[in-house]
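Student: Structure provided below as structure tokens; questions to follow.
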């Protein structure tokens with residue numbers, strides 16, 4: 001990951017992001033087949049890939065490419081839905097799942113490309129990875145050792161209030177350490193605090209959102225791709241929310257890194 005983020009040429013970084021998106025999107029589609037909801041997986045992956053490539057081909061010169069690609073994906077999914085109209089009714093669930101995969105995986109994670117293209121983009125990408133993973137690690141160990149009160153028992157029975165607090169504290173601490181060590185030019189303690197709180201909260205919402213989807217699909221893990229961890233989507237759930245959050249934080253606060 002360090003090599004890809006810090007040293008890989010732009011095309012290789014885009015290829016890695018594209019691969020991550022398509023695998024996560026495929027896992028989402030696959031896990032819902034267990035409860036009888038079938039997405040147009042092939043078309044969904046094609047349109048999702050188009051959205052990711054639009055992030056790469058867009059930028060300051062062609063900023064319209066991303067909304068164009070997303071609009072095309074939405075219109076395409078609705079057009080595909082016409083094939084699902086049968087005498088027995090309309091398969092809205094499959095149509096909604098196809099579109100969800102594009103918006104949830106391709107649109108959100110596609111912001112990684114834009115984040116890395118910012119000034120100090122590699123450092124910003126390391127920041128979102130480090131803050132997110134430090135927070136998740138703290139939540140895991142504190143929750144297992146001292147967790148007593150359930151955070152969202154119907155969605156994710158294993159998560160606790162104590163673990164959630166630990167994740168927030170660790171996220172803020174990681175961002176403040178990055179500021180104190182001057183790992184990112186312009187990252188003041190005030191912005192480090194803001195970034196830590198933002199990522200510490202939204203990362204947990206992203207985690208719970210994926211747990212909500214898995215409960216709907218009646219499965220524990222998105223797949224068995226990563227033994228001991230579940231699927232790739234299980235590893236990316238917090239980053240799906242945190243990457244766009246950091247990107248827009250930087251864009252909103254021009255004095256930030």
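Student: Do the sum for the chain: with -39,500 (n - 2.57) for every DSSP H run of n ≥ 4, divided by all residues, what is the mean residue ellipticity at 222 nm, to the nearest 500 deg cm²/dmol?
Tutor: So the helix-based figure for the chain works out to -23500 deg cm²/dmol.
Student: Could you identify which residue out of 124, 82, 28 has the top mean-square fluctuation in a GNM of the chain using Cα springs shorter than 10 Å?
Tutor: Largest GNM mean-square fluctuation: 82.
Student: Another one. With the Cα gyration tensor of the chain giving a ≥ b ≥ c as the square roots of its eigenvalues, does the rule (a/c under 1.5 for rounded; else a/b larger than b/c for prolate; else oblate) give rounded, prolate or oblate? Kindly include the intermediate steps, with their values, before the conclusion.
Tutor: Details: a/c = 2.20, a/b = 1.24, b/c = 1.77.
Oblate, since a/c reaches 1.5 and b/c is not below a/b.
Student: What's the center-to-center distance, using Cα atoms, between region 106-142 and region 203-222 in Å?
Tutor: 20 Å
Student: Oh, and also: For region 202-251, what relative contact order do you get, as a whole percent, if you take Cα pairs closer than 8 Å and at least 6 residues apart?
Tutor: In percent, rounded to a whole number, it is 44.
Student: Counting other beta carbons within 10 Å of each residue's own, what order do 111, 191, 229 fall into, fewest first? Spell out each step's value before the answer.
Tutor: Numbers: 111 22, 191 19, 229 12.
Least crowded to most crowded, the residues run 229, 191, 111.
Student: Still on this structure, I have one more. Would you work out the relative contact order for the chain, in percent, from Cα pairs under 8 angstrom that are 6 or more residues apart?
Tutor: RCO, the chain: 21 percent.
Student: Given axes a ≥ b ≥ c from the Cα gyration tensor, I'd like to know whether region 1-117 is rounded (a/c under 1.5), prolate (a/b larger than b/c) or oblate. Intermediate values should be presented prior to the final figure.
Tutor: Working: a/c = 3.69, a/b = 1.81, b/c = 2.04.
Oblate is the answer for region 1-117, as a/c is 1.5 or above yet b/c matches or exceeds a/b.
Student: Going by the alpha-carbon gyration tensor, a ≥ b ≥ c the square roots of its eigenvalues, is region 121-257 rounded (a/c under 1.5) or, if a/c is not under 1.5, prolate (a/b greater than b/c) versus oblate?
Tutor: prolate
Student: Going by how many other Cβ atoms sit within 10 Å of their own, how do 198, 125, 132 line up, fewest first?
Tutor: 198, 125, 132
Student: Would you order 134, 77 from fewest to most other beta-carbon atoms within 10 Å of each residue's own beta-carbon?
Tutor: 134, 77
Student: Can you tell which of 32, 141, 13 shows the greatest fluctuation in a Gaussian network model of the chain with Cα springs below 10 Å?
Tutor: Per the Cα network of the chain with a 10 Å cutoff, 141 tops the list.
Just so you know, all these numbers are worked out from the coordinates, no wet-lab data involved. Everything numeric here is computed off the predicted structure, so don't read it as measured data. Cβ sites come from the backbone with ideal geometry, for glycine too, and all protein chains shown count toward neighbours.
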